[in-house]
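The values are calculated or read from the model by the stated rules, or taken from the named source; none is laboratory data. None of the values given here were measured: they were computed from a predicted structure. We place every Cβ from the backbone using ideal geometry, glycine too, and count neighbours over all the protein chains shown. Areas reflect the complete protein model, heavy atoms only, side chains present, ligands, DNA and RNA absent. Shrake-Rupley method; radii C 1.70, N 1.55, O 1.52, S 1.80 Å.
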Amino acid sequence: MIYSSSFFVHAQSKDEQKLSAAIEKFRLTMINPDKTVFNELISSNLSYGHSGGLVENKADCIESMVSGKFNFETIELTEQTMQITGETAVVRHLFSSATHDAGKEPANIKLKVMMIWIKERGKWLLLARQSVRL
């Protein structure tokens with residue numbers, strides 16, 4: 001089933017509710033980085049692709065967020081869709097953010113993002129993410 005928060009509203013299944021909660025927790029943790037929370041939300045097999053071409057594994061991604069290498073001051077997700085098939089979910093959204101990355105001037109970015117989430121032991125974990133600049 002595809003769910004889009006921008007176009008229509010329907011009663012979410014328990015899987016959709018749990019996935020939505022995980023996505024929101026990840027968004028908030030990107031703004032206020034916490035290594036423990038990231039570890040709870042991210043698969044050990046993470047492939048995290050940035051819009052500039054950098055691809056990070058779990059350890060590198062968490063370190064980049066916690067250290068301030070990538071610093072998100074605000075994040076807004078819009079036009080989000082979710083498609084759940086078994087234990088795998090494909091999530092797409094528009095990502096708008098005010099950033100102030102280490103060593104750089106503040107900036108505003110707009111991205112298209114695709115995330116792959118997998119359900120392990122009843123929890124949704126981020127397996128992969130790729131973004132492109134708009």
* Structure fact -> Counting only residues 5 or more apart in sequence or on a different chain, those whose built amide H sits under 5 Å from that of residue 128 are 47, 116
* Crossing angle, helix 14-31 versus the chain [Cα axis fit, 0-90 degrees, rounded to tens] -> 10 degrees
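Nearest 500 deg cm²/dmol is fine: what mean residue ellipticity at 222 nm does the chain get from its DSSP H runs of n ≥ 4 alone, each adding -39,500 (n - 2.57), divided by its residue count? Walk me through the numbers on the way to the answer.
Values: 3 runs with 35 residues, N = 134.
For the chain, the value works out to -8000 deg cm²/dmol.
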* Would you mind getting the accessible area per residue of the chain, heavy atoms of the protein chains only, 1.4 Å probe, in Å²? => 55 Å²
* Ignoring ligands and nucleic acids, what accessible area does residue 42 show with a 1.4 Å probe (Å², nearest 10)? -> 0 Å²
* Cα to Cα, under 15 Å, and not fewer than 8 places away if on the same chain: which aspartates and glutamates meet these conditions relative to residue 104? -> 73
* To do: Tabulate in residue order the Karplus-calculated ³J(HN,Hα) for the range 127-134, using 6.51 cos²θ - 1.76 cosθ + 1.60 with θ = phi - 60°, rounded to whole Hz; enter x for Gly and Pro.
  => 9, 8, 8, 9, 10, 9, 6, 9
* To do: Using +1 at the Cβ of each Lys and Arg and -1 at the Cβ of each Asp and Glu in the chain, identify which of 83, 62, 41 lies farthest towards the dipole's positive end.
  => 83
